[in-house]
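Everything on this sheet refers to the single structure shown next.
The values are calculated or read from the model by the stated rules, or taken from the named source; none is laboratory data. In this text, all values refer to a predicted model and were calculated from it rather than measured experimentally. All Cβ positions, even for glycine, are placed from backbone atoms using ideal geometry, and neighbour counts span all protein chains on display.
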Amino acid sequence: MAETASDVKTLVQTNGRRKSAVARARLVKGTGNHKVNNRDLKEYFTSRVHQTTILEPLKVANLTDVYDVIANINGGGSSGQAGAIRLAIARAIVELFPEKRADMKKAGFLTRDAREKESKKYGLKKARKAPQYSKR
């Protein structure tokens, strides 16, 4: 655990996963500049919904302008990536401030969403869609 926030550059690094996306997020003392894959958050995620999804844990903990988030992410689509970063940020906040765990848990940020794409079955067109039945 970090001694004080000013002594250590990277305070904490955590992982988050969602669908097939994997994110590594670092919380750094700063002014609220957030980077994803070395690009600005608003440049990487153009959708306002995804931007809000990612920053929700910081808003719940009232740390929006106190910490910078530096995230590396690979795999998945934009929605899965946003969910993975959100989980990683929430875990980082809990690691830094254990007393905020109840708030994060109540908001549902610490639960790993385990839903994955179901695999295709042989004889079917997709995971469950069957070819059209013909009686004659």
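Annotations for the structure displayed:
- For the range 25-46, the candidate set comprises residues that are of a type in the set (S, T, Y) and assigned to a loop (DSSP other than H, G, I, E, B); within that set, the residue that is nearest to the chain's Cα centre (by Cα) is T46.
- Restricting attention to the range 1-29, the residues that are more than 18 Å from R91 (Cβ to Cβ), at pLDDT 85 or above and of a type in the set (V, I, T) total 0.
- Pairs linking a residue in the range 87-103 that is crowded, with 17+ Cβ neighbours inside 10 Å to a residue that is of a type outside the set (K, R) and part of a helix (DSSP H, G or I), with Cβ atoms under 6 Å and 6 or more positions apart or on different chains, are I89/P57; A90/P57; A90/M104; I93/P57; V94/M104; K100/I93; D103/V60.
- Listed by first and then second residue, the pairs with beta-carbon distance under 6 Å, at least 6 apart or on different chains, first residue in the range 51-80 and of a type in the set (G, A, S), second surrounded by 16 or more Cβ atoms within 10 Å (Cβ to Cβ) and assigned to a helix (DSSP H, G or I), are A61/I93; A61/K100; A71/I85; S78/H50.
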